[in-house]
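Here's the structure we're looking at; comments come further down.
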Amino acid sequence: DDESAPEWSGFTCFAAIANCVPHDIEEVGYKVFLGRRKYFVSVDVGGGRIQWYAFLNVPPGGVPEAGRRGEGALEYLRPQFEGWSDEIFELIDTTPFEQVEQRDLYDRPPTLT
């Protein structure tokens, strides 16, 4: 098997589900906030919940251990998005801290058959 090793994608990802109903939920169910070497995505998953992802250009292992999970992850994220939309902070602030997980992202080239 000639499978190549995964390569770092350029991003780490934080993911969680917030208990939140945005003011514009009837018009917009998916949002992407773009910035330099980072972005934030949110999607309505129903039941008064929004799943969100924060993508940061941080090298593998670059997030301090205390910032990888739970309340420490939320504290790590707040300054990363300082000056961004209040909607991001509404989601972060309504997320149960035990929901948050961080992982470094890797890619493999597609296998052609």
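Only the coordinates and a few stated rules stand behind these numbers; no lab work does. Nothing here was measured: the structure is a model prediction, and the numbers come from that model. Positions of Cβ are generated from backbone atoms using ideal geometry, with glycine treated the same way; all protein chains shown enter the neighbour counts.
VAL45 meets each of the listed conditions (1) within 17 Å of GLN80 (Cβ to Cβ); (2) touching a residue at least 24 places away in the same chain (Cβ under 8 Å); (3) exposed (fewer than 14 other Cβ atoms within 10 Å of the Cβ); (4) of a type outside the set (Gly, Ala, Ser) apart from (1). Confirm whether PHE97 is buried (at least 16 other Cβ atoms within 10 Å of the Cβ) and either touching a helix residue (DSSP H, G or I) at 6+ places or on another chain (Cβ under 9 Å) or not polar (S, T, N, Q) (or both). In short, no.
VAL21 meets each of the listed conditions (1) closer than 30 Å to PRO6 by Cα; (2) touching a residue at least 12 places away in the same chain (Cβ under 8 Å); (3) assigned to a loop (DSSP other than H, G, I, E, B); (4) among the aliphatic types (A, V, I, L, M) apart from (1).
A count restricted to the stretch 50-75 and to residues that are in a helix (DSSP H, G or I) and either closer than 13 Å to GLY35 by Cα or within 12 Å of the chain's Cα centre (by Cα) (or both) stands at 2. Taking the listed residues ALA18, ALA5, ALA66, the one that is small (Gly, Ala, Ser), surrounded by fewer than 17 Cβ atoms within 10 Å (Cβ to Cβ) and touching an Asp or Glu at 6+ places or on another chain (Cβ under 9 Å) is ALA66, with no other qualifying.
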